[in-house]
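J.: I have a structure here, written as structure tokens, and I will follow up with some questions on it.
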Amino acid sequence: MERLFSNKVELKTDPEHFGELTQSQSILDQPELLRARMEKEGYLFFRGLLGRDEVLAARREILLKYAIIGELDATRPIDDAIHSRSDAIEKVNLRAFSQSLRDGLAYRRIIDHPKLLKVYEGLLEGEVRSFDFRWPRFVRPGEGCGIHCDGPYMNRGTERVFSSWIPLGDVAKHEGALMILEKRDEHERLLQRYLAKDADRDKIEWLSTNPVVLQEKFSGRWLSADFQAGDVLCFTMQTVHGALDNMSPINKCRLSSDSRYQRTDEVFDERWNGSDPEAHGYDKVFFPGLGQWRNRDFKDEWKPVDEHGRLRLDEEPQ
Ligand SMILES: O=C(O)CCC(=O)C(=O)O
């Protein structure tokens, strides 16, 4: 088995500690089975739920924008997403840039794909819609994501919310695939206080940045897959997850998306919904990336910007 890292910590990849995500496409048209599996496992993994070409169109739409700000090696095909360090990021309106990613038509077609909405309509037994805010992620070589549950970030409305993680392209494990901690009965008790928090009011940090230590405490295997364009991973607000670090030997960036879904007739979390969602505050922009730009809040993902939407570099790192 290849060596895998998360938060720069090497995972144990023997069969007791690591496994493949269970696929659910064979029960796609059986909502009661989907509901039971989601309840039991905390996730549903569908291979090829979406059309590969539709997903690759969204990939291209987003990568073109990253190419414009100099984040892609211009000597290589854009679709290869080979990283190049950019000086332009500090000069652009990052707020507008990030919004242009979220608003792209090909990307929105993926987020609101009828096949994906149908899964959630079956799970929630009613009309559903995605949150107005969406999270396209460009993860450079060496980057990843802390371990967390989505609950504290999404819990101001109904509790009945689900997340979808969608690779926008093929994403092998070592290229930064998402990983889920296999659900165990004891997780509910261990997560009780964490899940009661509100990420913004309580200013929480990641649940953990050490997948090995967390696994010893929580038990359960880390589960992941070599994802392909068209695959979708759906999971609950209580599901412990993180990302494998992007260790691409060819400097390929990982492009993926996360989005949230709930019933239209239940209360929405105002942070992520409405015509101009406030997210984690109007002075911050969702722009995941490590330390070459100084971060304060939410560590890697939210960057402070000034009144022009430009990255603020005047703050000392914590
Ligand atoms: O893509 C990632 O690195 C993290 C995604 C995530 O945390 C989520 O989908 O909730």
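J.: So what is Rg over Rh here for the range 139-230, counting just Cα atoms and using Kirkwood for Rh?
T.: The Rg/Rh ratio comes out at 0.97.
J.: Based on the alpha-carbon gyration tensor of the range 1-116, what equivalent-ellipsoid semi-axes (square roots of 5 times the eigenvalues) come out, in whole Å, largest first?
T.: Values for the range 1-116, descending: 33, 23, 13 Å.
J.: Compute from the Cα atoms of the range 50-126 the Rg and the Dmax, the latter being the longest Cα-Cα distance, and quote both in angstrom.
T.: Cα-based Rg and Dmax for the range 50-126 come out at 15.6, 49 Å.
J.: Check every DSSP H run in the chain and write down those whose alpha carbon atoms cover 20 angstrom or more along the long axis and whose mean Kyte-Doolittle hydropathy is -0.5 or greater.
T.: 52-68
J.: Mind sorting TYR194, TYR120 by how few other Cβ atoms lie within 10 Å of their own Cβ, fewest first?
T.: Placing the least packed residue first, the sequence is TYR194, TYR120.
J.: What Rg and what Dmax come out for the range 163-300 when only alpha-carbon atoms are used, in angstroms?
T.: Both quantities, over Cα of the range 163-300: 16.3, 47 Å.
J.: Separate question: For the range 14-78, report the convex hull volume of the alpha-carbon atoms normalised per residue, in Å³, without decimals.
T.: That works out to 166 Å³ per residue.
J.: With the crude spin-label approximation of a point 7 Å out along Cα→Cβ, what separation in nm comes out for GLU307 versus ASP198?
T.: So the label points at GLU307 and ASP198 sit 2.9 nm apart.
J.: State, in angstrom, two size descriptors of the range 64-107 derived from its alpha carbons: Rg to one decimal place and Dmax to the nearest whole number.
T.: 10.9, 27
J.: What's the whole-number percent of alpha carbon pairs in the chain lying beyond 24 angstrom?
T.: 52
J.: Report D for the range 220-281 in µm² per second (integer): Stokes-Einstein, Kirkwood Rh on Cα pairs, 37 °C, 0.692 mPa s.
T.: D, rounded to a whole number, is 214 µm²/s.
J.: Roughly what percent of Cα-Cα pairs across the range 78-193 reach past 25 Å?
T.: Of all Cα-Cα distances in the range 78-193, 39 percent exceed 25 Å.
J.: Please compute the modelled spin-label separation between ILE27 and GLU127, points set 7 Å along Cα→Cβ, answer in nm with one decimal.
T.: 2.9
J.: Relative contact order for the chain: what is it in percent, counting Cα pairs under 8 Å that are at least 6 residues apart?
T.: After rounding, I find 28 percent.
J.: Can you sort SER275, SER224 by how many other beta carbons sit within 10 Å, fewest first?
T.: Ascending number of Cβ neighbours within 10 Å: SER275, SER224.
J.: For the range 110-150, what does the equivalent ellipsoid look like in terms of its semi-axes, each the square root of 5 times an eigenvalue of the Cα gyration tensor, given largest first in whole Å?
T.: The equivalent ellipsoid of the range 110-150 has semi-axes of 27, 13, 9 Å.
Every number here is computed from the coordinates shown, using simple stated rules; none is lab data. Quick caveat, the model's predicted, so the values are computed rather than measured. Glycine gets a Cβ as well: all are built from the backbone with ideal geometry, and neighbour counts include every protein chain shown.
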